[in-house]
1. Just give me the residues in segment 148-168 being at pLDDT below 85 and farther than 13 Å from residue 33 by Cβ, in sequence order.
2. Exactly one condition in (1) under 14 Å from residue 143 (Cβ atoms); (2) at pLDDT below 95 is false for residue 31; which is it?
3. Which of the following residues is within 13 Å of the chain's Cα centre (by Cα) and in contact (Cβ under 8 Å) with a residue 24 or more places away in the chain: 162, 173, 129?
4. Could you count how many residues in segment 132-159 are part of a loop (DSSP other than H, G, I, E, B), more than 12 Å from the chain's Cα centre (by Cα) and surrounded by fewer than 16 Cβ atoms within 10 Å (Cβ to Cβ)?
5. Residues 71, 88, 79: which one is surrounded by 15 or more Cβ atoms within 10 Å (Cβ to Cβ) and more than 21 Å from residue 148 (Cα to Cα)?
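The values are calculated or read from the model by the stated rules, or taken from the named source; none is laboratory data. If you're wondering where the values come from, they're calculated on a predicted model, not measured in any experiment. Cβ atoms come from the backbone with ideal geometry, glycine included; neighbour counts cover every protein chain shown.
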């Protein structure tokens, strides 16, 4: 895996943003964000590593009585935290890669939930950036850009995912990821 900091014209959709170890904003500290869309108007994604230790069925009776009741629920970001966003990953039979479906409707999700190889997650809210904002943050080294990897959902869905992905870049990033928040406890 290689990290990259794209220029402002690069498209980030389908990439991961890893919070720089020095980022202290509580909304994004130690997060891994899947960027679903990025264009000249802004960017949007979901935080992959903030599990809520609840299932979608616990959210309301509509989901509780559906085939989606056991889908794990995550805090997707600080924007519109009552909005549910469903994401599905599954192997792509025509290649070695995988297919990502982002923001699918519940009816389609119910059709897919029991298919072999399907991973599904529900997110409350999302992370969003206005035009030029994510590019400015990249220039300030707020984020490290990483490609989306097929076995992403096999890793721990918490802060350890952030540590593991940074460690895959190189030894220096691994050292930074393992650094304690409070150096006095070192």
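1. Listed by number, the residues that qualify are 149, 150, 151, 153, 154, 155, 156.
2. All conditions pass for residue 31, except number (2).
3. Just a single option satisfies the conditions, and that option is 162.
4. 6
5. None of the other options fit; the residue is 71.
Quick grid of which residues meet (1) modelled with pLDDT of 95 or more; (2) touching a helix residue (DSSP H, G or I) at 6+ places or on another chain (Cβ under 7 Å); (3) assigned to a strand (DSSP E or B); (4) under 13 Å from residue 121 (Cβ atoms):
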site	(1), (2), (3), (4)
9	no, no, no, no
23	no, no, no, no
36	no, no, yes, yes
69	yes, yes, no, no
